[in-house]
1. For the range 27-151, what does the relative contact order come out to in percent, with C-alpha contacts under 8 Å and a separation of six or more?
2. Please check which bits of the range 67-87 a label hung off Ser31 would reach, taking the label as a point 7 Å along Cα-to-C-beta and the cut-off as backbone N under 16 Å.
3. For the range 95-156, what log10 I(q)/I(0) values come out of the Debye formula at q = 0.27 1/Å, with one point per alpha carbon and no solvent?
4. Counting Lys and Arg as +1 and Asp and Glu as -1, what is the net charge of the other residues whose Cβ lies under 14 Å from the Cβ of Leu153?
5. Where the Cα atoms of the range 27-151 are projected onto their three principal axes, how long is each span, largest first, in whole Å?
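Just so it is clear, none of the values below were taken in a lab; they were calculated from the coordinates. Not measured: the values here are computed from a predicted model. Neighbour counts run over all protein chains shown; Cβ positions are idealised from the backbone, glycine included.
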Amino acid sequence: MYDVYANNPQSQPTTPPAPEKVLRFDRGYISSLPGILKGVQLLCNLIGFICIKVSNIWISSIPYNLLYWICMVITTFLLLSYSFHVVEKHDRWPWLKLEFFYCCVVVLIYIILAIIATVIGEGGYAVGFFGFCAIIAYGFDGFLKYKAWKRGLPPQ
């Protein structure tokens, strides 16, 4: 009567293998809200850099140049990382937390430098305007990263 159970032990259900993490280009990320924000951030950095070079503001031009180029490099790295799914491949890194803190630091530095560039003088209004646009873009991106981080969502 119980021989059937002894000869045929219960087998554990097999789980399907995890999907392979490959690098691929995703055009859809660039048209998503975070991708558009990163594009706006890059555009504001580039136009602000051009404006600071054209204007005669020599006091704040060195910190502004450093900020623009550091932000250009890091934001381009993040855009390419999300576009090519590097974020999924290295999913053990706290991407959302790191990007949230990066956005917060950039916003604070942009506020200081945009005020200095606007107050000091000639040609600083354009630099201040594009700095303000970058503050909005980085601030909103940081807000989205914070919400996703607190909800426990994956970065991509």
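1. Numbers: 130 pairs, mean separation 46.0, N = 125.
Relative contact order here is 37 percent.
2. Only 83 fall inside the zone, counting backbone N under 16 Å.
3. Rounded to two decimals, the profile gives -0.98.
4. Working: positive: Lys97, Lys145, Lys147, Lys150, Arg151; negative: Glu88, Asp91, Glu99.
Summing Lys and Arg as +1 and Asp and Glu as -1 gives +2.
5. Answer, in whole Å and largest first: 46, 27, 20 Å.
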